Structure formats: C-alpha cells, structure tokens
Amino acid sequence: MLEVARLSIGFRRPLGLWRREIVPALRDISLQVQAGEMLAVIGASGAGKSLLAQAILGLLPAHAVLSGALRYRGAPLDPAALRGRRIALVPQSIAWLDPLVRTGRQVEWAAGRAGLPAAARRPAATAALARFGLGAAAARRFPHQLSGGMARRAMLAMATLGQAELLIADEPTNGLDPENAARVLNHLRTLADAGRGVLVISHDLAAVLPLADRVAILRDGALQETAPAAAFRGNGAALASPYARALWRALPEIGFLPAEGG
Amino acid sequence: MLVAHGLHHGGGLLDGVSLTLAPGQVVGLAGPSGAGKTTLGRLLAGHLVPERGTVRLDGVPLPARGFCPVQLLPQTAELAVNPRWRIGRILEEAYTPGAAARRAFGIQDTWLRRYPHELSGGELQRVVILRSLAPGLRYLVADEISAMLDPLTQAALWPHLLGQGLGILVISHNAALLKRLATVTWRLEGGRLHRLPMGDPAGAAADREKWRAEISERV
C-alpha cells in the first residue's frame, strides 16, 4: 500500500554568509505498509520518527531536502491529493484541534474534508464518535474539556470517518494511562483487521508490541531493522540489530538494563 | 521520615490519605488518571497546602523558604524551567553540579549554552533531575518522569537516581516499572490509598537485588 524507498531527509542551514550545508536527519529509510497490517515505528526522541510521518503527509518544513521515493499503491505519492482522503493522520496532541470549536463540529469538518456532502456530515460525525464510545455530551464539549483519552478517541474518529485506507498515528498513547492506551491501540488494530494499513509511531515499545504485526526500529535517523513483533521475545536472540536487542532488554518487564557501558 | 497524615484536598479528591516515606525507601504510587496522584505528590513536596491534614519531615512542617529537602520532579520538564534561561543557568539554580555529575546524567557541555526548547524532552528531563539533587535533598517525588522516555534512556536514568540514597515516591502507570523499583506500592483510588499486594515479595526483592548488582557493573 505505502512504500518508502531509500528516503533521506536533511535540513538546509546557512554556513557563513554565502554557503549552505545540509544537516542530515533521516538516512536511507526503506519500509512498506501493507493493507490489513499494523507497522510500528519505534525510536527515541530525536530519532526522526515524526519526520517520517511528515514526509508521508507532505508536511515537512520548507527548508527540508528530501531524496528517495514515496509510492502509494504503486504510483508516486502525492500527499496534497491524498491527505485527509486516502491517508489520514491521528495527531499527537489536542493542540491539533481548534480550541474554540466544539468537538462534534470539528468532526463534521473532518467529514467535509473527507468529501461527504453537507447533509451527511452531522450523522456521519455522530456515528464516528459513537464508534469510539463518545456520545452527544462529548460532542458538545470543547477540546480542553475532554480527558486525554477522550481527545485521542475524538481524533481517531476524525481520521477514520472517511475512506482513508492508510492511517498514520503519531504517538497515539502518549500521556494516556494503560487502559486508555490499550483502548486506542485496540481501535487501531481493529481498523487494520478491517483492511486498512496502520502506521503507528511511538517510543513505547512495550505498549505496541502486543498489537503490531511488524516493528521498525529507528535510531539517529537510520533504520536499524524491521522485525516481526514476535521476534521480541526471550533474550532477543531473534533480533538482528544490537540496538533492537538493547531496547528490548531495557524494558522493565524484561531486563531493565541500560546499554553496555552506561 | 516524611509523614503525610490524614490529607484531605480538592473537595474529596484526597479523602484522608496517610503515607510514610522512610530515608532511602522507594515507594510506588499507581492509580487511574485523575485519581489525584499528582496532587498528592505536590502536597508532599510542599507545592500545595492541604485543606486538612499535615505533611511533616522528621516531625516538623516543611520549610516555607529556602531549598526544600523534598523535591518534586514533574511530568513535563518543559513546564518546570524558565524558557528564557539557558541550560547552564537552570542547572545552577539551587547549587552547582560538578562536571562528573553532569557526565553521569549524560548532560553534554554543549547543552549549557542552549535554551530549553533546543533540547528534547528526555534531555531536558535529565537536566531537571540533576538540578533537584542539591545538597540537603532527602526525598524525591518522581511524577511519571520516565513515561515519555524510550526504554534505554529510562533504564539508564533510574540506577542514577536510586544511587543517591534518597527516599523516592515513584508515581507511575507502569506496573512493571513499579515492580522493579518499589518495595511497597500504593494505588490511589476513590480518594484513598490501597496497598497493592506483592505477588511474591521475596522473589521481587531477590529480582531487585540481582538487577542492582547487574547495574552496578555497568554504570
């Protein structure tokens, strides 16, 4: 469905008065997301996870330099044409919602962006919110009146009410307690099982492992490996890269061990 | 000994909470979102004054001025620093951490000239932690300080904190983390504390000892 081939991203920065240098941020990333699959991209802060999402959605800042290829269903990816229609983003925080507009109204806007006619927007919004356990009371609230978990589910409703076949969720569990985190991830899993492609970006390996099909490990802008989620077991011997093994062994559930040498 | 007795706060949010933290003891605090964990942490560190009840350190109230021997490490490091100060100045707010201490927390010299927004959340979190470890510090309230960190950064951070010999209240949603760190874990729900049963206390203690031994070889 989505194919990222040898993607590199750098940032142009002035060097002295006339010269410019390019600071690399992502190097030579290749990965695919299939329909019906949940791929997790895991990395520490600063590894370049969000840049990857921004590149797919065409939201990179103007001074970014991109090389490599992005393809969607075999054709070159045109983010402006697909964004919000075929590819939807579940953003990281409620900062992406309009603070002065009631939640239900914003979901109706999303229905409009997804191409629904005006008369169909309100029922579609109500149904989408209901799918994620949000009723009329939640729809009447402003974003800051929602709890973190409710806001995340409202954004999931916005991202999924159209025909988007590929969902990109940026840190969907950040700031949520375990029950709400599991609920959001389970929703994403259900969407994958219904045939959509789901790309989850997260720093929380333990939370995504039970639900993801494959896990791509990103470090300092480079892909360390893409492993089936089942490879994260035992002492990590099934993992190819030392970094992925170290990440696995650092989980409190496993070894809680920092990297060798501190 | 840090003793909170009969705390009532927030119109029933905390409805008679008593908690004791001994020197060097690590206690866990779990509970659903909105149960009042952060409020309890802020009361213990003297950031809030309880509507009823007392917080006493070795039998006396927390000092109203000067450096408080109970420090709160907040969930969001960004909100605990002055955005207009450089990292170097932020670090020296209460004392001057040496170069060795900075190294131990992985704080690079190049950061000292930067502003808070020029560091990642995890990097700034380490700055805020080192800032709190001033001479005279005896207790820490660590409110979800590693939830936003990747597993490796998290696993590197805790041994350093435990190595300070402080009494620590670890507030976390992560049951596995609490099992690793705490000898006692409480769950705050319905305004009251409930002691969480330890499945196998002797086994958990042995696991912690083994882990500490393994860690001390590495750091």
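The values are calculated or read from the model by the stated rules, or taken from the named source; none is laboratory data. Since we're looking at a predicted model, the values are computed, not measured. Glycine gets a Cβ as well: all are built from the backbone with ideal geometry, and neighbour counts include every protein chain shown.
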All positions within the range A:211-251 that are without any contact (Cβ under 8 Å) to a residue 24 or more places away in the chain, within 14 Å of chain B (Cβ to nearest Cβ) and not in a helix (DSSP H, G or I): A:224, A:235, A:236, A:239
Please go through the range A:92-112 and give me each residue that is small (Gly, Ala, Ser) and touching a helix residue (DSSP H, G or I) at 6+ places or on another chain (Cβ under 7 Å), ordered by number. A:104, A:110, A:111, A:112
Exception for residue B:158 within (1) modelled with pLDDT of 95 or more; (2) within 15 Å of the chain's Cα centre (by Cα); (3) of a type outside the set (Val, Ile, Thr); (4) surrounded by 21 or more Cβ atoms within 10 Å (Cβ to Cβ) falls at (1)
Checked against (1) on the phi < 0 side of the Ramachandran plot; (2) touching a strand residue (DSSP E or B) at 6+ places or on another chain (Cβ under 7 Å); (3) in contact (Cβ under 8 Å) with a residue 60 or more places away in the chain, residue B:13 satisfies every condition except (2)
Residues in the range A:40-49: is at least one in a helix (DSSP H, G or I), of a type in the set (Lys, Arg) and crowded, with 17+ Cβ neighbours inside 10 Å? yes
Given the criterion out of contact with any helix residue (DSSP H, G or I) (no Cβ under 7 Å at 6 or more places or on another chain) and within 14 Å of another protein chain (Cβ to nearest Cβ), identify the matching residue among A:130, A:119, A:206, A:136. A:206
Flag for residue A:26 being outside any helix (DSSP H, G or I), away from chain B (no Cβ under 14 Å) and surrounded by 15 or more Cβ atoms within 10 Å (Cβ to Cβ): yes
Which helices (runs of 4 or more DSSP H) sit wholly inside the range A:104-189 and have at least 1 residues that are hydroxyl-bearing (Ser, Thr, Tyr)? A:118-131, A:148-160
Just need a number here: residues in the range A:212-224 that are on the phi > 0 side of the Ramachandran plot and crowded, with 17+ Cβ neighbours inside 10 Å. 1
When both residues are 6+ apart or on different chains and their Cβ atoms are under 8 Å apart, which pairs have a first residue that lies in the range A:177-192 and is more than 14 Å from chain B (Cβ to nearest Cβ), and a second that is part of a helix (DSSP H, G or I) and crowded, with 20+ Cβ neighbours inside 10 Å? A:185/A:207; A:185/A:208; A:187/A:153; A:187/A:156; A:188/A:156; A:191/A:160
Which of the residues belonging to the range A:19-54 are free of Cβ contacts under 8 Å to residues at least 60 places away in the same chain and within 20 Å of residue A:196 (Cα to Cα)? A:32, A:54
Take the range B:169-219 and flag every residue that is free of Cβ contacts under 8 Å to residues at least 60 places away in the same chain, assigned to a loop (DSSP other than H, G, I, E, B) and at the interface with chain A (Cβ under 8 Å from one of its Cβ atoms). B:174
(1) without any contact (Cβ under 8 Å) to a residue 40 or more places away in the chain; (2) touching a helix residue (DSSP H, G or I) at 6+ places or on another chain (Cβ under 8 Å) all hold for residue A:146 apart from (1)
